[in-house]
Each structure stands twice: as C-alpha cells, then as structure tokens.
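Engineer: Please find one structure pasted underneath; my questions will follow.
The values are calculated or read from the model by the stated rules, or taken from the named source; none is laboratory data. Everything quoted here is computed from the prediction, not taken from an experiment. Note that each Cβ is placed from the backbone with ideal geometry, even for glycine, and that neighbours are counted across all protein chains shown. What goes into the accessible areas is simple: the full protein's heavy atoms, side chains included, and nothing from ligands, DNA or RNA. Shrake-Rupley method; radii C 1.70, N 1.55, O 1.52, S 1.80 Å.
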Amino acid sequence: MLRFIAKRFVEAIPVLFIVATITFFLMKAAPGGPFDTEKATTPEIKAQLEAQYGLNKPVFQQYLDYMGQLLHGDLGPSFKYAGWSVAELLAGAFPVSLELGCYALAFALMLGLIAGIIASLRPNSLNDYIPMGLATLGICLPAFVTGPLLILVFAITLGWYNTSGWDFPSDRVLPSITLGLYYTAYIARLTRAGMLEILSQDFIRTARAKGATEWRVVWKHSLRGGLLSVVSFLGPAISGLVTGSLVVETIFQIPGLGRFFVMAGFNRDYTMVMGTVLFYAVLIIVLNLLVDIIQVWLNPKLRFD
Amino acid sequence: MTAAPQPATLRPTDEIEAGHSLWQDAWHRLRKNKMAVLGGIFIILLTIASFVTPLVASDYYKHQNLDLGATPPSHAHWFGTDQLGRDLLARVLYGGCISLSVGIAATVVSVVIGVLYGTISGYIGGRLDVIMMRAVDILYSLPFVMFVILLMVIFGRNIILLFMAIGAVEWLDMARIVRGQVQSLKKQEFIEAALALGLRKRRIILRHMIPNVLGIVIIYSTLIVPSVMLLESFLSFLGFGVQPPMSSWGTLINEGAKSMEECPWLLIFPGLFFSASLFSLNFLGDGLRDALDVRASKD
Amino acid sequence: MPLLELSNLRTSFHTRHGIVRAVNDVSFTLEKGETLGIVGESGSGKSVTCYSLMGLIPQPPGRIEGGRVVFDGVDLLCCKPEQLRRIRGKRIAMIFQDPMTSLNPYIRIEDQLIEPLLIHERIEYTEAVKRGIAALEEVGLPDAAKRIRSYPHEFSGGMRQRVMIAMALITKPDLLIADEPTTAVDVTVQAQILELIKRAQRQLGMAVMLVSHDLGVVSGFCDRVQVMYAGRIVESAKTDSLFHQPQHPYNRALQNSIPALQPKGTALYTIPGMPPDLSRPLPGCAFAPRCEFAADKCSTGEIVLKEVAPDHRSACLRVQQAEIKV
Ligand SMILES: Nc1ncnc2c1ncn2[C@@H]1O[C@H](COP(=O)(O)OP(=O)(O)O)[C@@H](O)[C@H]1O
Ligand SMILES: [Mg+2]
C-alpha cells in the first residue's frame, strides 16, 4: 500500500513539471505582455515594471527563476493585483470554491446513490424508469443552461433565493445544485448499472440462501462491489467539478477561484493563470490518489496486486 | 436484459465473418430503438435547417431592427426578437450552424489523434503500451479545459484554434477504445498471416488495422460530437469561444442569461435547442452502439 | 410426515424468446435423514427445482406457476417471507455448483462463514467466530484460525467449496441441498467433498438432496435416485433397483453412455439427437424423439409418473403398459 502511494507520488512529479513548463512557455509565446493594455504606462515605467518582475531577463533565465520559486512553493506576485502574491489570492479564493465543490459532490452522491439503488432494486418498473429518465435529462443539461433556468424559476419568479452572491447560507443552494446536477445524474446511472451487475451474481444467491434479509443483501453484500464504478468515477468527477465551478461561479458571481481564473484569463494575469492551473493540477492529482486508495480499500482483490 | 456496463469492443471475428449482414442487423436494431430514431430525425432536420437558413437568408440573422427591440414570441417572429430586434429563430438556427460545424470539425481532430494514439499503443504493446495508457490515465485527471482557456487567452479567440484545442482535449476515450479493439484484432489470424507473409508493420497498421477499427470509431465519434459541442458552448458561454459577430448556442445562452429577467425567451429557446441536440446526439450514439454491439445479438 | 414434500411444482421463465418451462409437474418426498439423488443432463431443471423450493428463483423472469412445497408442515411457496427466511439458511442449507463465484469476493471468509449464525441465532460475534473456526477445521481446512481472515480469492476452488460446506453446515440444518457440489472442482477433490458431506450427514442426521449430472457420483451416495428429463421426473427408485432394473429408456441410455460401466472394447454410446427446447413443449413424452422404443402413442399420450414395480416409478408409457422391457 505504501509502495503504491509512493509510486503515485513519484509519477506526479514529472507530470507537474511538464504542466509547469508547458504553461510557462505558452505564456511566453503570447503576443503582448501584461502591461500592454494599460495605456497610461510610459515606456520607462513599463521597462521599470518589467525589470521589477524580471521580465527583461532572457526567457530561459526567467524559466529557471520561476521553477526555483515553485520549488519553494512561491507562485510569484500577481501581475494585475499589485501588492498581492498569487498564493495569497489563491488562499483567499480557494476556500469558497472548495465549499461549493463539497456541497455539490455531497448533493450528487446522496441523491445519485439513493436514486440508483432504488432503480436497481426494481428494474424496469416505475421505480426504475422515473429516476433514470430524470437522470438522462440531467446528463444532457449543462450547468450553463440549468444555472440561469434555476435562477429564473427559484430566484426571480419565486423569490426563494438570491440571484447571485455568496453571503448567506441560502446562497449555497442554487449553485451547489447547478454544479452537482450532472454528477447526480451520472452517479445514479453508474450506481444502477453497478448494482444490477452485482445483484445478478451468484454470491448474492448464496446470501439469500443463508436467509439474509433484502436490506442485508443490499447493504452488506452488494454495495461494496456495486459502488466500485462510482468510486472510480470520482476522479474524473473532481476535475469536472473544478471545470464546472468556472461556469457556476461566473453565473452566480461567487468570489471563488474559478471566477478569479476566468478574470485572470481576460486580464492576461500570467502568474495568476499559471498559479491556478498548477494549483488545480496538484489538487486533482492528490485527490485522484485518494480515490485510488479508497478503491483499493474497497476491492480486496486489488489490495494484493 | 439490463444495462450492465459492457466493454467497448466489437468482436472482430464476427465483424469480419458477418461482414455485410452485421450492418443490416444493426440497422434493424437501430430502427427498433425509438429514442435513437427520434434523435436521429431531430438531428437531421436541425442540421438541414441550420445549414440551409444561412444560405437562403444569408444575413437575416443579423438584420437589426432597433425600433422593434426585444419582443416576446409572436406571429411574425416565432421565437421573439432580441434587444437589437434580430429574429431569434434565425439566430438560433445560425448558432446551430456554428455549434454543429465546430462540433464536427473538433470531432474529426479528436478522432484522428485518438485513433493514431490508440493504434500505436495497442499495436506495439509491451512497455510502450503501459506508458501510453498510463499517460492517458493521467491526462484524464488534468484540468484540461483550463489549458484550452489558456490557449484561447494567449492566441486570441480564433475559431480554427478553438476546434483544434477542443479536439486535443476530447481524444482520450477514443484512444482507449481503439487500443482495446486493436489489441483484440492483433490476436486475429489474418493479422498473424500478414505478419507471417513478412508485411511491414506500418503497412499492416494502415491496410489492415485501421479499416477494421473503423466501425467502432464511427460509433464512438457520434458520442464525441455532443461532448465537443458541450465544451464549445461552455467556452463560448464564458466568453472564450466563438466571438461576435459570430454566435454559437453558447454565446446565445450567455446573452440570454444576462437579460433573462426581462426577456426569458432569449434564454429559453437557445437552451432548449442546445439541450435537445445534446439529448438527440446522445440517444443516437447510444442507439448506434447498442445496435452494433455484436454481443447483444448473441443472446 | 415426510420432511419435505413437493407436489406438482411448475416453474417457468418468461423470456424474450418465449416461456421456458424449466420445471414441469415435479412431485417427490424426502424423509428425515434420507439421501435423495437427482440426476439428469444439464438443462433438465435440477437447479431450478432446488431454487424453487428455496425461494431463490429470480422473479422476473422466473415464475412459480403452481404446486406446493411443504417443509415440516410449512408451505414454503405461500408462507410469509419472514417465515421462509427463518427456514432457509437455518433449517435448509444449500451448496452451489460453482465455488469460484458463490462466495462474495469483497467480504472476508470469516464474515461470510458466520453470517448464518448471526442471522439465525442469538450469538455473540466472538462466539460465532469460534464456531466458524471449528467449522472450518471440521471440513479439513488447515490453519483455520488464521485463514478465516482471508478473502475468497486467496483460496483454491476445492478450498472454497469446503468453506461453502462449512457455511451450510454451521447452523446444523435438517436438510442440505447440494447442487452439483463436485462439478467444478478437481477430480481428486471430488471424493473428499462427497466424503465430507457424508460424514456431516451421519453426525447431524440431516437429509441430503444431492444433485448431479453424473450417475456415478449419485450411485455411491444416495438411498434413492430420481432421473430428470426436460423438467420432469421420469424415473424414481431405490438406487440399486434404478441401476439394475432400469424402467425408463432414458435411464438406460444414460447408463449406456457411461464408459466405465461398459465392457471393454464396445463402442462409446451417445444418446442420438438433442435435448428438447423447453420453450416449445411438444405433446407426449419429451424423450420420444430420441427414444429407440418410441411408438405413436408416445408423442400423444399424457405423461404421468406411475409405479411399475415395487417402490419403482417410471414415466414411460410403454413400460407402464408392460409393452417393453428396457
Ligand atoms: N434465469 C433464467 N432465465 C431463463 N431461463 C432459465 C433461467 N434459469 C434457468 N433457465 C432455464 O431453465 C432450464 C433448466 O435449467 P437448470 O435447472 O439450471 O438446469 P440443470 O439441470 O442443469 O441444473 C434451462 O433450460 C435454462 O435455460
Ligand atoms: Mg444446474
């Protein structure tokens, strides 16, 4: 187990290195620098600014400098928000995104698992068709359609929630649902398929022959195997949630990292964009490792390989 | 039977032996699948409407009528008009044209990358295969969309770059599927025969492998189209995709969302069309996959 | 009162390709402590018979169309689910054909083994584990105290079947249903498995229903044997008499096709034709198309199991009317 974790960490290092390198050189290849847009800057000030940020050095030297900083966990100063370092900006915005992501995932897991299990217990009945029909619908509705529609119905028409912001507990509801809806639907379908697969296995018959109650058959004998595919979906789901947060935070004007990233993109805030991409790459790699560990824990067969 | 997940491979022997009748069988099965047929009809109608409208009324969609302004759906304008008095139906159809074009172009890019990558990995096998597939696993987990945004930011919002970038993101599934198919093909006798005849590897890949993988590639391409369109609209919605004066469904939805309080139809119609197309494409793709899944015909 | 009494059991599967009549009008009884063998080709409905009486038929597509299964005075087919659950796993235990798939790969042997105890008896967990270890030792698993913590995939097929047996016997059932317990294990292990069952039967005084497609397995083991064909019992008798005075052409043909029972040098015998398609039942005797004795009435007459000799019943019309000797 420890070896497995160590192996993943070793694997992650070149990946991060490559991500950092590609991001850096893409930035350098960009036409126009971060100080081009501010019309007020005179050539002197611009040169001074560039010197301050080390932009006048040879590119390769800049690259080495940047990588050296990275090794110390320093993502550099933001080009756009004077006086702020990228790390500070990340630290401010990420908790909001994390909270949103957690709510969305929790919502998706809870509803998705319940719907999937219910559907799998009575396949081809209304208990199956209704949740699975809704799930199919959910999979085809992207967040940038559901988000505005939810606002239209629940915020504007019914007035139950605010249309945007992140100030009150009730502000969490619509964004979390918007972000989680697709995953709810997907998890419901995976759960149903996984449970049906397991419930048709011979060992379920053995369990019934022992006199196990239906509850016991589902809870003790099926869930573990049936949820394996859901667990392995969590990896892609996490990176999907990160992506989705870009849209959801924009729609609901939530001061999270996703919105920062989008704005940094518009503003050509190089270091900020790069820092965000790197940060998310690390985060996703770590979370994927966690998912792998859960998977191994759930499936004893993998534990020995 | 119930929807147990099935590994995505055709049985090559069946495909080779059955040849013609396999496709006929598949066609029969597909026709029985009502949702897939409805999806197919919708997509065909939409495609025709989207591509023909800009041809016959080439600039109707940008014809402004500032005096009219935003009006709800009416007899003259079935879907209403936007703030500049432009007919929404025309704009939606024009947006469909852009969305579908980008969808198809980006799909082609991703299919090319995926097929090449998967074929090489599956055909050469061994350590290279392990490394290449592990790379795919890792790429799966990276926040790829952020790279696309990065690209769009840096190199300007150019439609060619857009579908290249999207294509470069969506090839992973295809690579995996093709690799699986190539691996099972490799064990087939006729490939062994070709090897025994001393044909060069490159020739074997080009002449024997790729044609045999084609069936499954076509099926999965229909499933890539909706995810590509989704990505395109996602980017356009954020403002990183298609730029005005061009407009895709993503941009229309974005504009609609901004003014939904006063003119909800500007959000509802593009959203409806977009979701319905995703729906149809998904059903069509699933239907095709089920219809061509040789396994299913055996029980 | 017999321990188990089946009367006119009929079970079918409603599939896309029509209704498969897997068990058709099966009746038999089983006394306390008795050993009953059921033989027949694969697909003849042996397993479905067992599953029907255990309430394990997947519904849908399966459906029990009629009949009664009375176990110790309780009709298992129409009692409350709760009542059935208290009997199965406690008083009727079952061993399945494939030990590789019949154990849950995600759960430790320990927890699976003692599950019947936890379900049916008021017992402390640690006490149950102790009995589990004892049960494993009983079936000859070395180092039981340690290996009980393993997962199924760490065991070989023969070992897993031993675990299945230990699990079935752990509640000291009155009836053990063994559905082809030796089919999926190595030949060398087969005899050991049968020996285990035999010994447990002597110790516990339980009745055993041994299902097999192999006449050889059944012959050394059972007091009484019934032969199934196409969902029906076609012959039923004491083991000796079934082997030495066969009263149904199918039984005779089965015996002829066992090479070991034939004199050296004779050509191998196989039954001509194919087993019938159960979803397209023909009138009359299902074996008639393959039967060397078949007459016109065989494909029209009504088939019932009748006593043709003392304690020997046959479903062959011509034997019943003493037209032929097989
Ligand atoms: N779940 C099922 N669905 C459809 N048909 C079934 C099912 N289970 C068994 N059958 C049919 O019932 C018949 C008897 O099967 P079975 O009792 O398993 O035979 P065996 O004598 O080999 O144990 C077979 O023809 C089989 O096709
Ligand atoms: Mg059987």
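Engineer: Which whole-Hz ³J(HN,Hα) couplings does the range C:111-123 yield from phi under the Karplus relation 6.51 cos²θ - 1.76 cosθ + 1.60, θ = phi - 60°, glycine and proline marked x?
Structural biologist: Per-residue couplings from phi come out as 5, 6, 5, 8, 4, x, 5, 5, 6, 9, 10, 7, 8 Hz.
Engineer: Loop-only chymotrypsin sites (Phe, Trp or Tyr not before Pro) in the range A:244-305, please: DSSP not H, G, I, E or B, and at most 10 other Cβ atoms within 10 Å.
Structural biologist: A:Phe304
Engineer: Starting from the amide H of B:Phe79, placed 1.01 Å from N in the peptide plane, find each other amide H under 5 Å away whose residue is 5 or more places distant or on another chain.
Structural biologist: The answer is B:Ser74, B:Leu88, B:Leu89.
Engineer: Among all lysine pairs in the range C:198-326 that are eight or more places apart or on different chains, how many have alpha carbons less than 27 angstrom apart? Don't jump to the answer; show the numbers that get you there.
Structural biologist: Details: C:Lys198/C:Lys238; C:Lys238/C:Lys306; C:Lys238/C:Lys325; C:Lys264/C:Lys325; C:Lys297/C:Lys306; C:Lys297/C:Lys325; C:Lys306/C:Lys325.
So the count of such lysine pairs works out to 7.
Engineer: Which far-off residues, 5 or more places away or on another chain, put their amide H under 5 Å from the one on B:Gly241, with H placed in the peptide plane?
Structural biologist: The answer is B:Ser236.
Engineer: A further question on this structure: Using only protein heavy atoms and a 1.4 Å probe, report how much of B:Val111 is accessible, in Å² to the nearest 10.
Structural biologist: Looks like 30 Å² after rounding.
Engineer: Specify, per residue and in Å³, the volume enclosed by the convex hull of the alpha carbon atoms belonging to the range A:88-268.
Structural biologist: On the way: hull volume 23.9 nm³, N = 181.
Considering the Cα atoms of the range A:88-268, their hull volume per residue is 132 Å³.
Engineer: Only helices at least 20 Å long along their own axis, judged from Cα atoms, and with Kyte-Doolittle mean hydropathy of -0.5 or greater: name those in chain C from DSSP H. Kindly include the intermediate steps, with their values, before the conclusion.
Structural biologist: On the way: long enough: C:187-204 (26 Å, 0.07).
Sorted by number, the helices that extend far enough and score high enough are C:187-204.
Engineer: A follow-up question, please. Report, in cubic angstrom per residue, the convex hull volume of the C-alpha atoms of the range C:167-326.
Structural biologist: About 150 Å³ per residue, rounded to a whole number.
Engineer: Working out 0.36 nm times the residue gap between B:Tyr140 and B:Val52, then minus their Cα-Cα distance, what length gain in nm do you get to one decimal?
Structural biologist: Working it through step by step, the gained length comes to 27.9 nm.
Engineer: Chain pair C, A: how much accessible area is buried, both chains summed, with a 1.4 Å probe, in Å² to 100?
Structural biologist: Summing both sides, the interface buries roughly 2300 Å².
Engineer: What list of ³J(HN,Hα) couplings, whole Hz, do you get for the range B:229-242 from phi and the Karplus terms 6.51, -1.76, 1.60, once you set θ to phi - 60° and write x for glycine and proline?
Structural biologist: Running phi through 6.51 cos²θ - 1.76 cosθ + 1.60 with θ = phi - 60° gives 4, 4, 5, 4, 5, 4, 5, 5, 4, 6, x, 9, x, 5 Hz.
Engineer: Mean separation of Cα pairs under 8 Å and 6+ residues apart, divided by the residue count of chain C: what relative contact order is that in percent?
Structural biologist: The value is 20 percent.
Engineer: For the range A:83-158, evaluate the Debye formula with one uniform point scatterer on each Cα (no solvent term) and list log10 I(q)/I(0) at q = 0.23 Å⁻¹, rounded to two decimals.
Structural biologist: -1.08
Engineer: Here is a follow-up. So what are chain A's ellipsoid semi-axes, whole angstrom, largest first, if each one is the square root of 5 times an eigenvalue of the alpha-carbon gyration tensor?
Structural biologist: 45, 26, 13
Engineer: To continue, here is another question. For chain A, give the percent of accessible area contributed by carbon and sulfur heavy atoms, probe 1.4 Å, rounded to a whole number.
Structural biologist: Result for chain A: 68 percent of the exposed heavy-atom area is carbon or sulfur.
Engineer: DSSP beta bridges in chain C, what fraction antiparallel, as a percent rounded to 5?
Structural biologist: Given both bridge residues lie in chain C, the antiparallel proportion sits at roughly 60 percent.
Engineer: In whole Å, what three semi-axes, largest first, describe the equivalent ellipsoid of chain C built from its Cα gyration tensor (square root of 5 times each eigenvalue)?
Structural biologist: For chain C, the semi-axes come out at 36, 22, 18 Å.
Engineer: How large is the Kirkwood hydrodynamic radius of the range C:246-326, counting all unique pairs of alpha carbons, in Å? Before the final figure, lay out each step's value.
Structural biologist: On the way: mean 1/r = 0.0724 Å⁻¹.
Kirkwood radius, the range C:246-326: 13.8 Å.
Engineer: To continue, here is another question. So how compact is the protein assembly as shown: Cα radius of gyration and Dmax in angstrom?
Structural biologist: So, for the protein assembly as shown, Rg and Dmax equal 34.7, 121 Å respectively.
Engineer: Per the 1.4 Å probe, what fraction of the accessible area of chain C, in percent, lies on carbon and sulfur atoms?
Structural biologist: Heavy-atom surface of chain C belonging to carbon and sulfur, 1.4 Å probe: 51 percent.
Engineer: If you don't mind, there's one more thing I want to ask. I need to check one value: relative contact order of the range A:88-268, counting alpha carbon pairs closer than 8 Å and at least 6 residues apart, in percent. Intermediate results must be reported in sequence, preceding the final value.
Structural biologist: Details: 220 pairs, mean separation 58.5, N = 181.
Relative contact order comes out at 32 percent.
Engineer: Taking the range C:18-79, which trypsin sites (Lys or Arg not before Pro) meet the DSSP loop condition and have no more than 14 other C-beta atoms within 10 Å?
Structural biologist: Details: sites: C:Arg21, C:Lys32, C:Lys46, C:Arg63, C:Arg68; in loops: C:Lys32.
Here the trypsin sites (Lys or Arg not before Pro) that fit, given the DSSP loop and packing criteria, are C:Lys32.
Engineer: Report the Cα centroid-to-centroid distance between the range A:245-270 and the range B:102-158 in angstrom, as an integer.
Structural biologist: 25
Engineer: Per residue of chain A, what 222 nm ellipticity follows from adding -39500 (n - 2.57) for every DSSP H run with n ≥ 4, rounded to the nearest 500?
Structural biologist: Estimated from H runs of four or more residues: -24000 deg cm²/dmol.
Engineer: Right, something else. In the range B:118-141, what residues drop by 20 Å² or more of accessible area when the other protein chains are put back, versus the chain on its own? Use 1.4 Å, and skip ligands and nucleic acids.
Structural biologist: Buried by 20 Å² or more upon assembly, which counts only protein chains, are B:Arg134, B:Ile138, B:Tyr140, B:Ser141.
Engineer: Within chain C, what's the longest stretch lacking GluC sites (Glu not before Pro) that sit in DSSP loops with no more than 12 other Cβ atoms inside 10 Å?
Structural biologist: C:125-291
Engineer: Within chain A, how many Lys pairs that are eight or more residues apart, or on different chains, come under 21 Å at the alpha-carbon?
Structural biologist: Close lysine pairs found across chain A: 10.
Engineer: Excluding ligands, DNA and RNA, what is the solvent-accessible area per residue of chain C at a probe of 1.4 Å, expressed in Å²?
Structural biologist: For chain C, the per-residue accessible area is 45 Å².
Engineer: Span-like helices, chain A: DSSP H, alpha-carbon axial extent 20 Å or more, mean Kyte-Doolittle 1.6 or greater, which ones?
Structural biologist: Qualifying helices, which must be both long enough and hydrophobic enough, are A:86-121, A:228-251, A:270-298.
Engineer: Determine the relative contact order of the range C:223-326: mean sequence separation of Cα pairs under 8 Å and six or more apart, normalised by residue count, in whole percent.
Structural biologist: Once divided by the residue count of the range C:223-326, the mean separation gives 29 percent.
Engineer: Here's another thing I want to ask about it. Just to be sure I understand the interface: list residues from the range A:129-162 that lose 40 Å² or more of accessible area between the chain on its own and the complete protein assembly, 1.4 Å probe.
Structural biologist: Buried by 40 Å² or more upon assembly, which counts only protein chains, are A:Cys140, A:Phe144, A:Val145, A:Pro148, A:Leu152, A:Ile156.
Engineer: With a cut-off of 14 Å, note down the residues of the range C:304-326 whose backbone N falls inside the zone around a label point 7 Å from the Cα of C:Ser241 toward its beta carbon.
Structural biologist: Correct set: C:306-315.
Engineer: Also, I was wondering about something else. Skipping prolines and chain starts, which residues have an amide H placed within reach, meaning under 5 Å, of the one on C:Glu65, given they are 5 or more residues away or on another chain?
Structural biologist: Placed amide hydrogens put C:Arg10, C:Thr11, C:Ser12 under 5 Å from C:Glu65.
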